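Some notes on the structure that comes next.
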Amino acid sequence: MSNQAECDLALFQASLQRATGDPAFYDLFYQRFIESSPNIARVFQNRDMVQLKKKLAITLEMVADTAEGKPGLMMYLEMLGKIHQRLEIKGAYFNGWRDALLETVAETDPDLDEATRQAWRQVIDDVTTRMLQG
Ligand code: HEM
């Protein structure tokens with residue numbers, strides 16, 4: 001792993017911890033994402049949001065804790081991609097997902113700076129790329 005990637009991962013890890021120190025983090029994220037468009041709102045109708053929030057939390061922690069390139073994480077993200085493909089969630093929706101998450105981080109991490117923001121973008125883009133390849 002390159003030094004830049006290690007640096008990004010460390011910034012992301014620290015920021016994730018600060019942001020999720022706010023117990024409303026996942027509520028704020030899904031509220032923001034769901035309100036961003038009627039199509040998104042439709043996709044989330046009748047979902048078990050309590051479970052979904054827990055699963056997203058576990059996924060972000062896994063990403064934060066796992067060194068890049070570990071096969072277990074890559075296989076999990078590919079499987080996650082297939083679950084989303086089956087729901088017919090298009091690539092374009094992932095931009096809205098990223099924006100909603102970044103805005104929620106801005107709201108909940110009091111120490112967010114530009115380098116940390118870039119680190120989040122990089123991590124989310126890597127995860128999205130892996131999911132869409134799966
Ligand atoms: C990098 C981006 C994303 C990540 C990391 C992510 C993560 C997750 C996780 C961990 C689950 C639970 C899967 C399981 O049941 O094991 C899930 C389910 C779901 N995701 Fe995503 N997601 C992403 C993008 C999106 C986008 C763009 C949408 C678009 C609307 C979306 C809609 C959903 C829905 C509707 C479910 C629920 C499926 C069900 O009820 O079984 N996700 N997501």
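Observations on the structure shown:
- Set Leu60, Leu56, Leu52: member being within 21 Å of Thr104 (Cα to Cα), open to solvent by 40 Å² or more (accessible area, probe 1.4 Å) and among the hydrophobic types (A, V, I, L, M, F, W, C): Leu52
Residues are listed down the side, and each one gets a yes or a no for (1) in contact with a strand residue (DSSP E or B) (Cβ under 9 Å, 6 or more places away or on another chain); (2) near the ligand (Cβ under 9 Å from one of its atoms); (3) more than 16 Å from Leu16 (Cβ to Cβ):
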site: Val63; (1), (2), (3): no, yes, no
site: Leu73; (1), (2), (3): no, no, no
site: Glu78; (1), (2), (3): no, no, yes
site: Lys82; (1), (2), (3): no, no, yes
site: Ile89; (1), (2), (3): no, yes, yes
site: Phe94; (1), (2), (3): no, yes, yes
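- The set of residues in the stretch 32-42 that are open to solvent by 40 Å² or more (accessible area, probe 1.4 Å) and either modelled with pLDDT under 95 or out of contact with any Ser or Thr (no Cβ under 9 Å at 6 or more places or on another chain) (or both) comprises Ile34, Glu35, Ser36, Pro38, Asn39, Arg42.
- Exactly one residue out of Leu28, Leu73 is surrounded by 13 or more Cβ atoms within 10 Å (Cβ to Cβ) and either over 15 Å from the mean Cα position of the chain (by Cα) or within 21 Å of Ala10 (Cβ to Cβ) (or both), and it is Leu73.
- Answer from Asp99, Asp109, Asp113, Asp125 - the residue that is farther than 23 Å from Ile40 by Cα and open to solvent by less than 70 Å² (accessible area, probe 1.4 Å): Asp109
- Set side by side, the residues Glu35, Glu107, Glu78 differ, and just one is more than 12 Å from the chain's Cα centre (by Cα) and closer than 20 Å to Met131 by Cα, which is Glu78.
The values are calculated or read from the model by the stated rules, or taken from the named source; none is laboratory data. All figures in this text were calculated on a predicted structure; none of them were measured in a lab. So basically every Cβ, Gly included, is an ideal-geometry build from the backbone, and we count neighbours across all protein chains shown. Note: areas computed on protein heavy atoms with side chains; ligands, DNA, RNA excluded. Shrake-Rupley method; radii C 1.70, N 1.55, O 1.52, S 1.80 Å.
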